[in-house]
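Engineer: First the structure, which I've put down as structure tokens, then a few questions once you've had a look.
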Amino acid sequence: MAVISKLHNLVDLAKEKSSDRRRDLLREVTDLFFESTPDRDTSEHAEFDTVLSRLAAQTAQEAREELSRRFADAPLAPKGLVMQLARDAIEVAAPILRKSTSLSEADLSILAEEMGQSHLREISVRESVPESVSAAIVRRGDDKTVARLISNDGARLSRQTYEEVTERAEKSAELAAPLIRRSETPVDLLQDLVAVVENQLRDEIQRRFEAVDPAVLEEAMQASHARLSARMAADADIDAAQRYIASMKVRRQFDGALLARLMREKEFTKLAAGLADMAAVDYRSARQAIDHDSIDPLCLICKAGDLDRSLFVTLAVLRNAGRSTSHDALRDAKEFGRIYDSITDRDAQRALRFMMLRRNAA
């Protein structure tokens, strides 16, 4: 009771309006807490929580930053105060979000659902991030935030969360790199990225595959096929598009001009089916290349499939015409031709080998 009496005497001094005095008072109450830390779930602990939370709300940010640093490493830190600091400005919240063991999984999940990107990034680098919290961060976080989470070996991810990140990584180099380098990333999900990542990352995937038992790799390929098939099943137009391409082949009208027309008319499902057939890759790889923000995946498939340079340039120019407000066909054509020429036969064949694995699984 002596501690509580001293605490109340200190609180009585809070009637002064001076910000400096309030800061001194906050420091004195904090010192008293650490000198005689009460057990959790006691009336003493609750009293400290109430007083510290109220004083913190009345002091300047610089004082709250100091308070956050002191309580970040305190295992018995008052829960109300810790949650209050965690919701504060990021300069205040960062130490708590990064380190406080007073935050339970439920607390972190609440914060992950409520707070903005800067707060999510601090949670993402905690020594341990539970699966449920990782799922919330992936659902609400931007690519920069999710990349920090994926780069953290202490973050636990469910299979579903890995799949969500992989789908996003198909169009985001910022996510692809840490996902490929994460030792726990499932092998079958790495296969999904082969056609859409740069050569260096493709080499890293290949090295991962070389270390996998062939039987395990084959099983992963089948799992990848089943999952991708389920994703594509939602598109009822795919079967019709493949039948359309088959009919055009029978009529001897299946050529580069057809692909160019489909690109011009934005018949992307039919275009992907035709490109997959002409380049001898699976539909998913072809569709990824058409939809990707970068032109590189489309170039890689055309080069690996031995499609004419002029056909690739035509497809690329037509694709860019619908995406760029500063469209200059001649300039674009020269740049796309340069990109095509920059891909070596070795790079193209290596990529084709991976895509053939995926096509065979399909």
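Engineer: What residues qualify as long-range amide H neighbours of Lys171, i.e. H under 5 Å apart, gap of 5 or more or another chain, H built at 1.01 Å from N?
Structural biologist: none
Engineer: With +1 on each Lys and Arg Cβ and -1 on each Asp and Glu Cβ, and nothing else charged, work out how big the dipole of the chain is about its Cα centre, in Debye to the nearest 20.
Structural biologist: 1220 debye
Engineer: Let me ask another. Build a GNM of the chain with springs between Cα atoms under 10 Å: which of Ala56, Ala147, Ala240 gets the top mean-square fluctuation?
Structural biologist: Ala240
Engineer: How far apart, in nm, are the 7 Å Cα→Cβ label points at Asp73 and Ser36?
Structural biologist: 2.5 nm
Engineer: Still on this structure, please answer the following. By how many degrees, 0 to 90 and rounded to 10, does the Cα axis of helix 43-57 deviate from the longest principal axis of the chain?
Structural biologist: Roughly 70 degrees between the two axes.
Engineer: Which residue, Leu217, Pro178, Gln200, has the largest displacement toward the positive end of the dipole of segment 134-249 when charges sit on each Cβ (Lys, Arg +1; Asp, Glu -1)?
Structural biologist: Pro178
Engineer: Enumerate the amide H contacts of Ala155 below 5 Å, restricted to partners 5 or more residues apart or on another chain; note that Pro and chain-start residues carry no placed amide H.
Structural biologist: It is Val129, by chain and number.
Engineer: Can you compute the helix-only [θ] at 222 nm over the chain? Use -39500 (n - 2.57) per DSSP H run of at least 4 residues, normalise by all residues, nearest 500 deg cm²/dmol.
Structural biologist: It comes out at -22500 deg cm²/dmol, rounded to the nearest 500.
Engineer: To the nearest 10 degrees, how steeply does helix 61-71 sit against the main Cα axis of the chain, on a 0 to 90 scale?
Structural biologist: Helix 61-71 sits at roughly 90 degrees to that axis.
Engineer: Asn199 to Asp237: extension gain in nm, 0.36 nm per residue of separation minus the Cα-Cα distance?
Structural biologist: Going from the current span to full extension adds 10.5 nm.
Engineer: Counting residues in segment 49-149 as N, plug N into 2.2 N^0.38 Å and put the Cα Rg over that result.
Structural biologist: That ratio works out to 1.02.
Engineer: Hey, could you pull the Cα Rg and Dmax for the chain, both in Å?
Structural biologist: Taking only Cα atoms of the chain, I get Rg and Dmax of 28.5, 96 Å.
Engineer: Determine ³J(HN,Hα), in whole Hz, for all residues of segment 105-120 in sequence, where each value follows from phi through the Karplus function 6.51 cos²θ - 1.76 cosθ + 1.60 and θ = phi - 60°; x replaces Gly and Pro.
Structural biologist: Per residue, the Karplus-derived 3J(HN,Hα) values read 4, 5, 4, 5, 5, 4, 5, 5, 7, 9, 8, x, 4, 4, 6, 4 Hz.
Engineer: Let me ask something additional. Using 5 Å bins from zero, what percent of all Cα-Cα pairs in segment 14-100 falls into each bin?
Structural biologist: Cα pair-distance distribution for segment 14-100, in percent: 3, 16, 28, 26, 19, 7, 1.
Engineer: Okay, moving on. Compute the distance in nm between two label points, each set 7 Å from the Cα along the Cα-to-Cβ direction, one at Thr344 and one at Ala46.
Structural biologist: Roughly 7.1 nm, to one decimal.
Engineer: Amide H neighbours of Arg87 under 5 Å, at least 5 residues apart or on other chains, H built in the peptide plane: list them.
Structural biologist: none
Engineer: Against the longest alpha carbon principal axis of the chain, how many degrees, from 0 to 90 and to the nearest 10, is the axis of helix 19-35 turned?
Structural biologist: The answer is roughly 90 degrees.
Laboratory data are not the source of any read-out in this text; all were calculated from the coordinates shown. These figures come from a predicted structure and were not determined experimentally. Neighbour counts are summed over all protein chains in view; Cβ atoms, including those assigned to glycine, are modelled from backbone coordinates with ideal geometry.
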